[in-house]
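The values are calculated or read from the model by the stated rules, or taken from the named source; none is laboratory data. Keep in mind that what you see is a predicted model, and the values were worked out from it rather than measured. All Cβ positions, glycine included, derive from the backbone under ideal geometry; neighbour counts span all protein chains shown.
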Amino acid sequence: MKRIFALVLVSVSTALAAAPEMPRFRWENFTKADGLPDDHVFNVCVDGDRVWAATENGLGLYEKGKWKVYRPQDGLAHRAVLGVAVDPRTGDVWVATMGGLSRFSAGRFDNFTQLSSGLSNDVVYGVGVGGDYVWTATAAGASRLDTRTGQWALFNERNTPMYEIWTYNISVGKDKVYYAVWGGGVLEYDVKTERWKDYNDPDGETEMVVLKDQGLIHEITTSVSYAEKDKILWVATYFGASRYDGRNWKNFLEKDSGLPSNFLNQVKAIDGNRAWFSTDKGLAYLDGENWAVYRPSEMLVRDAAGKVTRVETETAPAHQYVLAVDFQGDDIWVATAKGLSHGIRIK
Amino acid sequence: MKRRVLIGSVVALALASLGADRPGPARFPSPIELAFSKDGARLFALCEGTDEVVVYDARSGAIVRRIPVGRVPKGMALSPDGKRLYVANSWSDSVSEIDTAALEVVRRLPAGFEPNSVVTDLAGRFLYVANRISNDVSVVDLAAGAEVKRLVAGRGAAYLAISPDGASIYCTHIYPNLGKFRAPPESEITVIDTARQIVKDRYRLPNAAGVFHVALSADGRLGMAAQLRPKNLIPLAHVEHGWVFGNSISVFGTDVGDVGEVVQIPLDELDRYFTPPFAIALAPDKSAAYISTTGSDSVTVIDIAKLLECIRAATPAERRTLANDLSASANYVVARIPVGSAPKGLALSPDGKRLYVANRTDDTISVIDTAARKVSATLSLGGHAIPTAERRGERLFFSARFAFQGHFGCANCHLESTFDGLQWDLEPDGFGKDIVDNRLLEDVAETAPFKWNGSNPNLETECGPRTEKFFYRSESYDGWQLADLVSYIKAMPLRPNRYKLASGELTPAQERGKAIFERTRTKSGAPIPESNQCAVCHSGRHYTNQKLADVGSGKATDRSPLIDVPQLTNIVLTAPYLHDGSARTLEEIWTVFNPNDTHGVTNDLQKDELNDLIEYLKTL
C-alpha cells in the first residue's frame, strides 16, 4: 500500500514548473443552446475562418460568431453527418452522411446516393478530396468520384486486398491515399502505380499485443492521418495507436505512453513527430517526446521519462469522449459527445 | 471488245468520281456571336457553321480575313488589352487564342466538355470557360496555358459576363438544374468570385430554363439575363396567354434590390410572343437594352429607366409574378425591330450608335441605327446563294411564326437543336397524363417510329399533322416546308462522344460494362430471354430495334405500357431518363425502376458492375 502511494506521488505532480511546455488553451464550448445543430458532434472541419460541425442532427456552419444549420429540408442528404472535407481549390464542401454524400457549393446541395449515383453505399463514414478526385469511405468499400468526368471507381474485396469492406476513414495525400478499414487494418493506394497494399496486425484479430512494434497495433482501425512531408502514417485503433515510417512501426498503448485510453476515435497528424489523439477518455497530444491530455477534469502532462504532472486550468473541453479535432492556426476545434469545443491557444 | 473496254472505262471513271472529291453537305456560315475590336475598327463574326471567325472592316463593311478555328465555335471574348480574341470551340473542347493584330490563331487552350463561352479577368491573367456538357467553368492560367481548376456551375453552363469592376463573373445555363420528378424547372446564375476563383453565390431562377446571354451595365448596377419560362407541368391545352412559354429577362443588381434578388420580367405582349430571347446588349449610358429574339426574327428594345420604374413600383408579391403579366411589357418595351432570320449574337459599336445583329440562318449581319431603331444596312457573310433543303428546314426549325400568335417553334424545346431537360404534358388529356421526356434529336433519322408510344411512323407525321394539332394550333407547314424541315432534322450531325478514348478503345471499366450489356446469361448461368437482353432491344447502329416494349416503366397515368425503344447515342447527355423522365440518372433506371428485372436483368449485378455498365453506356 505504501508502495502504491509513493508511486502516485511520483507519477502525478501538480508542480507546473517541472512539466514540459505543452500547448495550453482557453476553452470555449458550444452546444445546442448556442446554436449547434446537436450536442453529439461526430467530426469537425476548419475552412479558413469558418468551421463545419458534423453532428447527429445536421451540419453546422460557424461563421462570424453565429451558427447556421443545414438539414435534409435544406437539401442535405441525411441529418446524421459523419464527416466533412473542403476542396481547397474550389471551396466546395463535401459532406459524408448516413444517407449519402452531399456537395455543398455556394448554397446549393447536390446529393450522391447508392441509388442515384455510382456511390458504393449510402453510409458514408469519411470523405477526402485530392485534386479532381473525391474519395469516400463507406460501409461497403471505398468509392472515388472523378469530378471532371463523373466516373465512379469502387474499391472493395474484389479489386483490392480489402478483406473487410467497412471502410471508416481516409487520409488523402498527393502520392498516397490511406484508408482505415474497421476490422481490416489499413489500406494504402499508390497514386502513381494505382496499386493497393494492405497493412495488418501481425497478431491477427486478437486483442492481445503479442508482437509490439512489429506491425499495426490492431485490425480495428478508426482513423488514418498521413504526414506527407515526412512520409509518416499515423493510425488510430480501438486498441492503441500506430506510427509507420515506411519501414518501422511504433505503437502506443495506454500502459506505456501518454495516451489516456487505448480506445481511439481519431488521430490527426501535425507532422511526422507530432499528433493529436481523440479518445474516450480525453484528448491527447504528443509533441514527439512528451504527452498532454485535455479533459473536463484536468490537464495532464507526461514527460519523456514518464513523469505525469497535473496542470491547473480554468477551462476545459466540453466532454472527455472526443471524436475528432481540426486545427485553425494555433487553435484547435474538438468534436465531443456533448458539444463542440474551441481551444484558443494561450501563448 | 472496244465497246466493253469503253463501258468499263466509263464505270471506273464514274466510281472514281464518286469516291474522290465527293462534295460534303453544304456548309453555311451561321453567324452566332459578334464582337468589336477594342478600337472599334474591326468587327468579328463567329460562324459556327463554317468554324471560323470572319473579320470585317467596321467602317467599310468589307471582309478582311477569315480565321479558321475549332469545330462548332459558340462563344468569343477579347482580352482586356484587345490584343487577343478567345474563341470557345464547342465540339473540339478547346479555346482558340487569336492574335488580333496578325489575325491568326496563335495558341490552343484546354477546356472542359463542350465549351460554350469565354471571358477573361480584368488583368487578363485567367480565362474562364463555361462548359455546357461538363456543367462547370474552367479556370485557365493564360501565362501557363493550363487549366488550373474547374468550378461547379449549373446544368448546361452556357454564357459568361464579367462585372465592370472585375470582382464577379456571372454564368447562365441552357438547361435547368436536375430536380425532383414533376417539379417546376429551376435554373441559376452562378456567381464566381474572381479574386478567390471560387463560386460565391448562386442566384435562383425559379420557373426558368433555357437561360442564354447575361449582360452587365457599364456602372455594374444592373444585370440582365435572357431566358425562357416553360409551362411544362400543365397540359399543352391552349397556346394563348403564355400557357406554353413565357419569354422573359431576369433582372438583378443594386438597381433592382438586394444582392441575389432577381426579378423576372416579361418580353411578350398579350397576343404576341417574342421568342426565344437570346442575346442582350446594354447601351453604354444604360438608356436601353437590346434583346435578340431568335424565333421571332426581331430585336426587342427596352427603355431601362421605364423598366426600373416598373419594377420599383411593384410590391414584393407583384415582383414574384411579374413575368406572368403579359401586359407589363407595354410599360418598358419601346420597339420591336425586324431583322434577318434567326437573330443571335449582338454587338453595339463603342459609341452605341449602331447595333449589329448576327442573323444565323440567312448568313447576314443587320446593322441597326439605334437612334432611328431601324436596320440601316446589311452585311453578308458570303454563304451559299441558294439555300439547300436542309438549310430551309433549319430556318423553319428556328422560326416561331407558325405557332398561334408566334408563341414558339421547334427550337424552344429543342434548344439549339438539342433538348431542354424537361418533361412535357403535351396532349389535352388531363393533368399529368402521358408525360413525356424530351429527347435529343441528333441521330434520329433512322430510328422510326417516333414519339414515346411509337405512334408516329415517320418524321413527316411527327413534325407535320402532330405539330399542327397538338402544338402550334395554327396552319403549320405546307408539304414543301415539311419536307425541308424533315431534311434538316435528318441531317443533324451527331456531336462527338466525350467518354470514348481517342484511340477508340474502351477502358477496362467500359469493356466490363460492354460484356454486361451483351450478356445472354445471368451471373448464375441462367439464360436471359432475348426480349430482356440489353443488346437485343438496344441493337443496331443506333442501339434501338425500333420496336415497342413493355419494360415495366409505364405508370398508371400512361395510356399504354408499351414504350418505343429509344436510341442510345449520346444518352449520357440527356438526363433525366425513361419515357417520362422519372429516372433522374442512368443509375436510377435500374436501382429504382427495375425491381422485377423487366428492363434487362440487373438485379444480380454488384454495384461496381452496374457502374461498369453505365460507363459503357456513356460511350454510345
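Within segment B:159-180, can you find the residues that are in a loop (DSSP other than H, G, I, E, B) and either within 12 Å of chain A (Cβ to nearest Cβ) or surrounded by 22 or more Cβ atoms within 10 Å (Cβ to Cβ) (or both)?
First, pick out the residues of segment B:159-180 that are in a loop (DSSP other than H, G, I, E, B): B:163-167, B:174-180.
B:I174, B:Y175, B:P176, B:N177, B:L178, B:G179, B:K180, listed by residue number.
Restricted to segment A:133-161, and to residues that are of a type in the set (D, E, K, R) and at the interface with another protein chain (Cβ under 8 Å from one of its Cβ atoms), which residue is nearest to A:R71 (Cα to Cα)? Let's see the steps before the verdict.
Narrowing segment A:133-161 to residues of a type in the set (D, E, K, R): A:144, A:146, A:148, A:157-158.
Subsequent filtering for residues that are at the interface with another protein chain (Cβ under 8 Å from one of its Cβ atoms) retains A:148, A:158.
Working: A:R148: 27, A:R158: 35 Å.
Taking the candidates together, the pick is A:R148.
Does A:L76 count as part of a loop (DSSP other than H, G, I, E, B), more than 24 Å from A:Y179 (Cβ to Cβ), touching a Leu at 6+ places or on another chain (Cβ under 9 Å) and not basic (K, R)?
Working: part of a loop (DSSP other than H, G, I, E, B): yes; more than 24 Å from A:Y179 (Cβ to Cβ): yes; touching a Leu at 6+ places or on another chain (Cβ under 9 Å): yes; not basic (K, R): yes.
When the stated conditions are applied, A:L76 passes them.
Having 3 or more residues that are surrounded by 19 or more Cβ atoms within 10 Å (Cβ to Cβ) is the bar; report the strands (runs of 3 or more DSSP E) wholly within segment B:48-125 that clear it. Spell out the reasoning first.
Working: elements: B:52-57, B:63-68, B:73-78, B:84-89, B:94-99, B:104-110, B:115-120.
Where strands (runs of 3 or more DSSP E) fall fully within segment B:48-125 and carry at least 3 residues being surrounded by 19 or more Cβ atoms within 10 Å (Cβ to Cβ), they are B:52-57, B:73-78, B:84-89, B:94-99, B:115-120.
Checking the condition within 14 Å of another protein chain (Cβ to nearest Cβ) and not β-branched (V, I, T), which residue from B:L620, B:L548, B:L610 passes?
Working: B:L620 fails: within 14 Å of another protein chain (Cβ to nearest Cβ); B:L548 fails: within 14 Å of another protein chain (Cβ to nearest Cβ).
One residue alone meets the criteria, B:L610.
Residues of segment A:99-120 being crowded, with 20+ Cβ neighbours inside 10 Å, more than 8 Å from chain B (Cβ to nearest Cβ) and either at pLDDT below 95 or assigned to a loop (DSSP other than H, G, I, E, B) (or both), which ones?
A:T113, A:L119
Every residue, every condition in (1) over 23 Å from B:S296 (Cβ atoms); (2) touching a His at 6+ places or on another chain (Cβ under 6 Å); (3) β-branched (V, I, T); (4) touching a residue at least 60 places away in the same chain (Cβ under 8 Å), yes or no:
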site: B:L205; (1), (2), (3), (4): no, no, no, no
site: B:V211; (1), (2), (3), (4): no, yes, yes, no
site: B:A218; (1), (2), (3), (4): yes, no, no, yes
site: B:Q227; (1), (2), (3), (4): no, no, no, no
site: B:H241; (1), (2), (3), (4): no, no, no, yes
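Pairs, please: C-beta under 6 Å, at least 6 apart or cross-chain, first residue closer than 30 Å to B:S163 by Cα and in segment B:176-191, second basic (K, R)?
Qualifying pairs under 6 Å: B:N177/B:R155; B:L178/B:R584; B:E188/B:R202; B:E188/B:R204; B:T190/B:R202; B:V191/B:K200.
Every residue in segment B:556-572 that is surrounded by 17 or more Cβ atoms within 10 Å (Cβ to Cβ) and among the small types (G, A, S), please.
none
Inspect all residues belonging to segment A:332-340 and state whether any of them is touching a residue at least 60 places away in the same chain (Cβ under 8 Å) and in a loop (DSSP other than H, G, I, E, B). Break it down stepwise before answering.
Filtering segment A:332-340 for residues touching a residue at least 60 places away in the same chain (Cβ under 8 Å) gives A:332-340.
Next cut, in a loop (DSSP other than H, G, I, E, B) only: A:337-338.
Yes, segment A:332-340 contains a residue that is touching a residue at least 60 places away in the same chain (Cβ under 8 Å) and in a loop (DSSP other than H, G, I, E, B).
Keeping to segment B:573-606, report how many residues are surrounded by fewer than 20 Cβ atoms within 10 Å (Cβ to Cβ) and at the interface with chain A (Cβ under 9 Å from one of its Cβ atoms).
So the answer is 2.
Among the numbered criteria (1) more than 8 Å from chain B (Cβ to nearest Cβ); (2) among the small types (G, A, S); (3) farther than 28 Å from B:D193 by Cβ, which one does A:G130 miss?
(3)
Here's the yes/no breakdown for (1) within 16 Å of B:R155 (Cα to Cα); (2) away from every other protein chain (no Cβ under 14 Å):
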{"site": "B:T190", "(1), (2)": "yes, no"}
{"site": "B:R196", "(1), (2)": "no, no"}
{"site": "B:D201", "(1), (2)": "yes, no"}
{"site": "B:P206", "(1), (2)": "yes, no"}
{"site": "B:A209", "(1), (2)": "yes, yes"}
{"site": "B:L216", "(1), (2)": "no, yes"}
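When only residues in segment A:24-43 that are touching a Ser or Thr at 6+ places or on another chain (Cβ under 6 Å) and more than 11 Å from A:T55 (Cα to Cα) count, which is surrounded by the most Cβ atoms within 10 Å (Cβ to Cβ)?
If we take residues in segment A:24-43 being touching a Ser or Thr at 6+ places or on another chain (Cβ under 6 Å) and more than 11 Å from A:T55 (Cα to Cα), then A:N29 is surrounded by the most Cβ atoms within 10 Å (Cβ to Cβ).
What is the number of the single condition among (1) in a strand (DSSP E or B); (2) farther than 29 Å from B:T574 by Cβ; (3) away from chain A (no Cβ under 14 Å); (4) not small (G, A, S) that B:N247 does not meet?
(2)
Say we look at segment A:125-139 and pick out the residues that are buried (at least 20 other Cβ atoms within 10 Å of the Cβ) and under 14 Å from A:W182 (Cβ atoms); which of these is farthest from the chain's Cα centre (by Cα)?
Across segment A:125-139, the extreme among qualifying residues is A:T138.
From the list B:A483, B:A515, B:A509, B:A535, which residue is in a helix (DSSP H, G or I), within 14 Å of chain A (Cβ to nearest Cβ) and surrounded by 12 or more Cβ atoms within 10 Å (Cβ to Cβ)?
Checking each option against the conditions leaves just B:A509.
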